[in-house]
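Engineer: A single structure is presented below for examination.
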Amino acid sequence: MSRIRLTSRIVARAACCDGKRKVELFDVDQRGFLLEVRASGGKTFYQRYTDLRGRDRQIRIGPADALTLAQARSKARQIVAAAFLGADPATERDLMREVPTFETFAKEKYLPHAESCKRSWKTDEIMLRVHILPELGRLCVDEIAAGHVDVFLTKMRAQNYAPGTIGRALVLLRHMFNLAQKWKTPGINGNPTAGFVIPPDVQRSRYLSPEEAARLIAAIRADQNELAAKAIMLLLLTGARRNEVTQARWDYLDWNKRTLLVPLSKSGRPRVVTLNSAAVEVLRSIEQVPGNPYIFPAQTTGRPSPHLFFPWDRIRKRAGLADLRLHDLRHSFASFLVNEGISLYQVQHLLGHANSRSTARYSHLAPQTLAETAETVASVLRLQRPQSDQPEIQLADQK
């Protein structure tokens, strides 16, 4: 350690002694202010000070090739003044370095948490990877403000994403910042998504007509991938969700009760899919692969297919129904039942809906059925067709 009056000339000419890794030149005019000179030729300004607990601390100001001596002295005085007033610049610096980028927080904190407690965590991972992280991932979490969120949502709208997709991105962002606050993540002191209104998710209504259903069934029966075609037929016949069929195992079947067990449904609870005679016939036509527990295993892996997109895309186009989604088979199953006068309560249980609100969307499908049902009240009150031998009903104020 050497004490010297630092000048710009000395800073420029200072060099490390032979055999030493570094030397420290302390300024005699400003206590604790020093220049570190390394054998590599690098030079850095530092300031030493004593915090309120009496501990000696040292904080880096910056490299001598980027800061002038006057700039370094000025910054050093600010550090000493802040320490004297009760702040600890070194601690504040360390806290700033602990603030993660949003990408680091997402990958190291949020996704492991979501994977452990959220069945749909892969959907969150895709939303983050495809939409959110490319826009916000490089920013530290304390840098993300409402303006950044607004720009992100505006870009999604400009790219013609559906309101439901934009809403799910906003919900995920809001949830992640709420968790960051709960976990006391460094740098978090608010939620930048507060005040943004979640756009309503537009429910897409697409139902098969009887004529369309006939064309679809013909295309299913003609497809070359017989196993995938039977899985699609089962979706149409049962109204089950895709994974409830593709993940089905032989031991989930109860032939006597004509049911298919779903150990873990979308609601998080087990449910039973009721099989009609046509569905049973489809299942009995499938030959079990020896040693394989799955009803619809992929030919290459023996595991359930992650999706049915390619055979489904081929089938719907052959049927002239290119706009039909696989999930629309579930909607069509419900519409067929409602239009035949089946109560929404029964449809709810066949679909496995946790509450009646999800089923209520089908209530408009059968106006004629509802009108006929409403006539039941008139029939019970004998007002449907007054007979001559029935007494007229007089109001109380009629004489």
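Engineer: What residue, among those in segment 230-253 that are in contact (Cβ under 8 Å) with a residue 60 or more places away in the chain and hydroxyl-bearing (Ser, Thr, Tyr), is farthest from His353 (Cα to Cα)?
Structural biologist: Taking the candidates together, the pick is Thr246.
Engineer: Please work out if Phe296 is within 20 Å of Met233 (Cα to Cα) and touching a residue at least 60 places away in the same chain (Cβ under 8 Å).
Structural biologist: yes
Engineer: If you don't mind, another one. So Arg138 passes all but one of these: (1) part of a loop (DSSP other than H, G, I, E, B); (2) over 30 Å from Glu108 (Cβ atoms). Which condition number does it fail?
Structural biologist: Of everything listed in (1) part of a loop (DSSP other than H, G, I, E, B); (2) over 30 Å from Glu108 (Cβ atoms), Arg138 misses just condition (2).
Engineer: Among the listed residues Glu115, Glu103, Glu92, Glu98, which satisfies the condition of being acidic (Asp, Glu), at pLDDT 95 or above and out of contact with any His (no Cβ under 6 Å at 6 or more places or on another chain)?
Structural biologist: So the residue among Glu115, Glu103, Glu92, Glu98 that is acidic (Asp, Glu), at pLDDT 95 or above and out of contact with any His (no Cβ under 6 Å at 6 or more places or on another chain) is Glu103.
Engineer: Follow-up. From Leu128, Leu136, Leu85, Leu67, which residue is of a type in the set (A, V, I, L, M) and either in contact with a Cys (Cβ under 9 Å, 6 or more places away or on another chain) or within 20 Å of Pro186 (Cβ to Cβ) (or both)?
Structural biologist: Result: Leu136 is the single residue among Leu128, Leu136, Leu85, Leu67 that is of a type in the set (A, V, I, L, M) and either in contact with a Cys (Cβ under 9 Å, 6 or more places away or on another chain) or within 20 Å of Pro186 (Cβ to Cβ) (or both).
Engineer: Considering each residue of segment 340-352, count those that are under 17 Å from Pro270 (Cβ atoms) and either free of Cβ contacts under 8 Å to residues at least 60 places away in the same chain or loosely packed, with under 14 Cβ neighbours inside 10 Å (or both), and give that number.
Structural biologist: 2
Engineer: Inside segment 252-283, can you point out the residues that are assigned to a strand (DSSP E or B), closer than 14 Å to Gly239 by Cα and more than 28 Å from the chain's Cα centre (by Cα)?
Structural biologist: Thr259, Leu260, Thr274
Engineer: Given the criterion loosely packed, with under 15 Cβ neighbours inside 10 Å, farther than 17 Å from Arg330 by Cα, out of contact with any Asp or Glu (no Cβ under 6 Å at 6 or more places or on another chain) and touching a residue at least 60 places away in the same chain (Cβ under 8 Å), identify the matching residue among Leu264, Leu227.
Structural biologist: Unique residue meeting the criteria: Leu264.
Engineer: Is it the case, given these coordinates, that Asn256 is without any contact (Cβ under 8 Å) to a residue 12 or more places away in the chain and under 21 Å from Arg284 (Cβ atoms)?
Structural biologist: The answer is yes for Asn256.
Engineer: Would you tally the residues in segment 51-83 being modelled with pLDDT of 90 or more, assigned to a helix (DSSP H, G or I) and surrounded by 15 or more Cβ atoms within 10 Å (Cβ to Cβ)?
Structural biologist: Count: 5.
Engineer: Still on this structure, I have one more. Using beta carbons and a limit of 9 Å, which pairs, at least six apart or on different chains, have the first residue in segment 174-196 and without any contact (Cβ under 8 Å) to a residue 40 or more places away in the chain and the second one of a type in the set (Ser, Thr, Tyr) and in a helix (DSSP H, G or I)?
Structural biologist: If the second residue must be of a type in the set (Ser, Thr, Tyr) and in a helix (DSSP H, G or I), the pairs left are His175/Tyr110.
Engineer: Only one residue in Ser277, Ser285, Ser332, Ser356 is closer than 16 Å to Ala240 by Cα, surrounded by fewer than 18 Cβ atoms within 10 Å (Cβ to Cβ) and of a type in the set (S, T, N, Q). Which one?
Structural biologist: Exactly one residue qualifies, and that residue is Ser277.
Engineer: A further question on this structure: Of everything in segment 22-49, what is at pLDDT 90 or above, in a strand (DSSP E or B) and not hydrophobic (A, V, I, L, M, F, W, C)? Give them in sequence order.
Structural biologist: Result: Lys22, Glu24, Asp27, Glu36, Arg38, Lys43, Thr44, Tyr46, Gln47, Arg48.
Engineer: Okay, moving on. Residues in segment 289-311 that are in contact with a Lys or Arg (Cβ under 9 Å, 6 or more places away or on another chain) and either among the aromatic types (Phe, Trp, Tyr) or not assigned by TED's automatic domain parsing to the domain that holds Gly239 (or both): how many?
Structural biologist: The number of residues fulfilling the criteria is 2.
Engineer: Turning to a different aspect of this structure: Which condition breaks for Arg119 when tested against (1) in a helix (DSSP H, G or I); (2) charged (D, E, K, R); (3) under 15 Å from the mean Cα position of the chain (by Cα)?
Structural biologist: (1)
Engineer: Is one or more of the residues making up segment 106-121 of a type in the set (Asp, Glu), closer than 30 Å to Ser267 by Cα and free of Cβ contacts under 8 Å to residues at least 60 places away in the same chain?
Structural biologist: Yes, segment 106-121 has at least one match.
Engineer: Being in the same structural domain as Leu216 (by TED's automatic domain parsing) and assigned to a helix (DSSP H, G or I) narrows it down to one residue among Ile286, Ile315; which is it?
Structural biologist: Ile315
Engineer: Further question: Scan Val151, Val130 and give me the residue that is touching a helix residue (DSSP H, G or I) at 6+ places or on another chain (Cβ under 9 Å), free of Cβ contacts under 8 Å to residues at least 40 places away in the same chain and either within 20 Å of Pro192 (Cβ to Cβ) or outside any loop (DSSP other than H, G, I, E, B) (or both).
Structural biologist: Val151 is the lone residue from the list that is touching a helix residue (DSSP H, G or I) at 6+ places or on another chain (Cβ under 9 Å), free of Cβ contacts under 8 Å to residues at least 40 places away in the same chain and either within 20 Å of Pro192 (Cβ to Cβ) or outside any loop (DSSP other than H, G, I, E, B) (or both).
The values are calculated or read from the model by the stated rules, or taken from the named source; none is laboratory data. Note that the structure is predicted; figures quoted are calculated from it, not measured. With ideal geometry, Cβ positions are generated from the backbone for all residues, glycine too; neighbour counts draw on all protein chains shown.
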